[in-house]
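So the structure is just underneath, and the comments pick up after that.
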Amino acid sequence: MGRWGWRVYAAVSRIASASKSINNPNLSRNPRIRSPVISRPRNHFSSFRHFSALPASPPYVEEFDASNHDFDANKILEELFEDDEAGKISVRAFFLCTSVDLKSMQAENSKYVIPPTSRSTNSIVLRFCGPPWETCCCQQGAAGNDMRCYRYMVVYQYGSAILFNVEDHEVDFYLQTVRRHASGLLTEMRKDDYAIKEKPLLVEDMQGGLNHIVLKNLDMDSIRIIGSVLGQSIALDYFVSQVDGMVEEFAQINRAMQKTGTFTMDRKKLFQLVGKANSNLADVILKVGIFDRSEIAWRDAKYAQILDYLREEYEVAQRFGNLDFKLKFVEHNIHFLQEVLQNRKSDLLEWCIIILLAIENIISICEIVRESIGS
């Protein structure tokens, strides 16, 4: 049962206990039902009973409260859902190409670029007030320090783009900004969704949740840390899919060898697979920077906590371990097939030598026969 389920279960349990207190004649006939959502401080002076000869509550009051009990339950559930959605910022991660020219993109959008806080050069952060067809809350005099007032986009050199506080109908507008400076566009773009909840009254700096993270304060360093992990995760999905394709191709070759006892593969095709496997591993390590140190997390422990939680949540290390294991399987098959092709080439050369020696022997025999006949 998730976080939503526990909250709804708690609300329904409280409502059921309140309904039992209403319908039970042995309990006190108090027409007032306290709200099960918020426990207010009790006023001790109001707990004294008034001296009166009249009954504490008329008989029709209980029926009135019982009839309105369903209305109170619906109101409680609505408050629960509204409280869960309060302060929520959507995060959308996309992997749409294999390379982005950050210099040209920064030159085109210089007025939106936020200066970096570290020496990392593989990403840029853009802050927009909103699409041109909408009136931004910042233009209407909203507080400039409110992070929810702006749209943020973190773009990485290896092809990931992370959008913060962007609606569904606005996604294409911001992604077009990236596509103008991208190379190696993918035919099928990969995407992932996440969420951030900002709660200033939170005791800790951060708290994890189901497909979301709760932060005490959302700032630019938090956006950079969250964007880095989401960008690496969705890029890792792409490279894992590429390696899975190679694994499946070698699996088909092995199944064919099991049936026929041989295989038919061009040497050029094998070298292409070798280059593809090596380039994928190099891109994951060098471009994506799975093992790179974050200067922001190094300076402040709260950002290190966010980084460690998200990397554990998305299982970055485990997925890279699986990728490395699959690449070792591909490498083992490549070495085996290379040896087979090399043996084939050696066999061909041996047969060529045998044929040449046979021809030389035949010519020698012919000369000997001709000399004997002539003498």
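The values are calculated or read from the model by the stated rules, or taken from the named source; none is laboratory data. All values derive from a computational prediction rather than experimental measurement. Here Cβ is always computed from backbone atoms with ideal geometry, including for glycine, and neighbour counts include all displayed protein chains. We work out accessible area using only protein heavy atoms, side chains counted, and drop any ligands, DNA or RNA first. Shrake-Rupley method; radii C 1.70, N 1.55, O 1.52, S 1.80 Å.
Listing for the model above:
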{"read-out": "Test: residue in region 232-243 that is of a type in the set (S, T, Y) and farther than 22 Å from A317 by Cβ", "value": "no"}
{"read-out": "Search result, residues across region 208-227 that are more than 20 Å from the chain's Cα centre (by Cα) and either buried (at least 19 other Cβ atoms within 10 Å of the Cβ) or of a type in the set (K, R) (or both)", "value": "K216"}
{"read-out": "Residue ID - surrounded by the fewest Cβ atoms within 10 Å (Cβ to Cβ), chosen from residues in region 156-173 that are of a type in the set (S, T, N, Q) and under 20 Å from G184 (Cβ atoms)", "value": "Q157"}
{"read-out": "Residue count, region 199-227 (criterion: assigned to a loop (DSSP other than H, G, I, E, B) and not charged (D, E, K, R))", "value": "8"}
{"read-out": "Residues satisfying the stated conditions in region 339-361, i.e. open to solvent by less than 100 Å² (accessible area, probe 1.4 Å) and either of a type in the set (G, A, S) or over 30 Å from K268 (Cβ atoms) (or both)", "value": "S346, L357, A358, I359, N361"}
{"read-out": "Residue list for region 231-258, restricted to those being open to solvent by less than 10 Å² (accessible area, probe 1.4 Å) and at pLDDT 90 or above", "value": "G231, S233, I234, A235, L236, V243, M246"}
{"read-out": "Residue that is modelled with the lowest pLDDT, among those in region 119-133 that are assigned to a loop (DSSP other than H, G, I, E, B) and surrounded by 14 or more Cβ atoms within 10 Å (Cβ to Cβ)", "value": "P131"}
{"read-out": "Boolean, D205 is among the charged types (D, E, K, R) and surrounded by 13 or more Cβ atoms within 10 Å (Cβ to Cβ)", "value": "yes"}
{"read-out": "Subset of region 285-302 [touching a residue at least 60 places away in the same chain (Cβ under 8 Å) and touching a Phe, Trp or Tyr at 6+ places or on another chain (Cβ under 7 Å)]", "value": "K287, V288, I296, A297"}
{"read-out": "Matching residues in region 259-280 - criterion: being touching a helix residue (DSSP H, G or I) at 6+ places or on another chain (Cβ under 7 Å) and either within 26 Å of F320 (Cβ to Cβ) or surrounded by fewer than 11 Cβ atoms within 10 Å (Cβ to Cβ) (or both)", "value": "L270, L273, V274, K276, A277, N280"}
{"read-out": "Residue in region 228-236 that is part of a helix (DSSP H, G or I), more than 15 Å from V91 (Cβ to Cβ) and not basic (K, R) present", "value": "yes"}
{"read-out": "Matching option when the condition is open to solvent by 80 Å² or more (accessible area, probe 1.4 Å) and not aliphatic (A, V, I, L, M), among D283, D292", "value": "D292"}
{"read-out": "Region 172-190 residues that are within 14 Å of A93 (Cα to Cα), paired with ones that are open to solvent by 40 Å² or more (accessible area, probe 1.4 Å) (beta carbon under 8 Å, 6 or more apart)", "value": "R190/D237"}
{"read-out": "Residue satisfying all of: in region 295-332; open to solvent by less than 80 Å² (accessible area, probe 1.4 Å) and not in a helix (DSSP H, G or I); nearest to A195 (Cα to Cα) among these", "value": "Y314"}
{"read-out": "Enumeration of residues in region 179-198 that are among the β-branched types (V, I, T) and either surrounded by 16 or more Cβ atoms within 10 Å (Cβ to Cβ) or in a strand (DSSP E or B) (or both)", "value": "I196"}
